[in-house]
1. Show me the helices (runs of 4 or more DSSP H) found entirely inside segment 162-243 where at least 2 residues are open to solvent by less than 60 Å² (accessible area, probe 1.4 Å) and at positive phi.
2. Would it be correct to say that Glu122 is part of a loop (DSSP other than H, G, I, E, B), out of contact with any Asp or Glu (no Cβ under 8 Å at 6 or more places or on another chain) and of a type outside the set (Phe, Trp, Tyr)?
3. Of the residues Gly4, Gly47, only one is closer than 21 Å to Ala189 by Cβ and at pLDDT below 90; which?
4. How about segment 1-110: which strands (runs of 3 or more DSSP E) wholly inside it have at least 1 residues that are open to solvent by less than 70 Å² (accessible area, probe 1.4 Å) and of a type in the set (Ser, Thr, Tyr)?
Amino acid sequence: MASGRTRLLLISVATVLVVAVGIALGLWQLGRADQKLRLADGIARQGALAPLTAAELRTAPPEALWHRTAQVEGEWLSEATVFLDNRQMKGRVGFFVLTPLRLANGQGTLLVQRGWTPRHFEDRTRVPAVPTPADTVYLRLRLAPPPAKLYELGQGEGGAIRQNTDLVALEAELKTPLLPLSALQISAADDGLLRDWPQPATDVHKHYGYAFQWFGLSALFALLYVWFQIIAPRRRARVQSAG
């Protein structure tokens, strides 16, 4: 009798723990979905604001300007163009092309992610030819975090083709300050680059799906407990007493 009670106690405790963990994880997934909904709303509100001017880029912390649009003019520092390797767009691997833009009227220098271009698969060291105007260009940009860093072995080296880069390193190479911002070019240009920039990940459906799975698992364990520990024993008892 004692062993039976101990077994029932262990099963009950284990069921309670599984159900509690499942509910907690389901609520966590719902919380993640709510965070992404708020993020998507914030991005939409930022994008709907009037485009910034070059002068306004210097007036707020970088994070406060992300996802805002800007209209600027300036000149490309084409000799400082960097090709970030192993970057994807539309499922293809190639380079992100980054070029500093010296803004007009002494408003500073801004690092612009101009677009994507395929790499030469027979000669990985070949730098793509990207047409870059030498005169003043007028651009529409979307302010964004710098490109994500990819894992690389050892210390990253300089040169036109790189795995990663950052503003501090480029400042040291250019010997000129860069605005603490990065921007995606969204205006068209006759340079052959793709600019199908992905939107920040705000997919909430997978979180709802995970939450449903965790809540379902909790409900399943609760139902199994009720059936095997409460309903089934009582049915057997009634059958035995009737026999």
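1. none
2. The answer is yes for Glu122.
3. Only one candidate passes the filter, namely Gly47.
4. Once the strands (runs of 3 or more DSSP E) in segment 1-110 are filtered for at least 1 residues that are open to solvent by less than 70 Å² (accessible area, probe 1.4 Å) and of a type in the set (Ser, Thr, Tyr), what remains is 69-76, 92-103.
The values are calculated or read from the model by the stated rules, or taken from the named source; none is laboratory data. Model, not experiment: these values are computed from the prediction. Because the Cβ atoms are built from the backbone with ideal geometry, glycine has one as well, and the counts that use them run over all protein chains shown. These area figures cover heavy atoms from the full protein model, side chains too; ligands, DNA and RNA do not enter into them. Shrake-Rupley method; radii C 1.70, N 1.55, O 1.52, S 1.80 Å.
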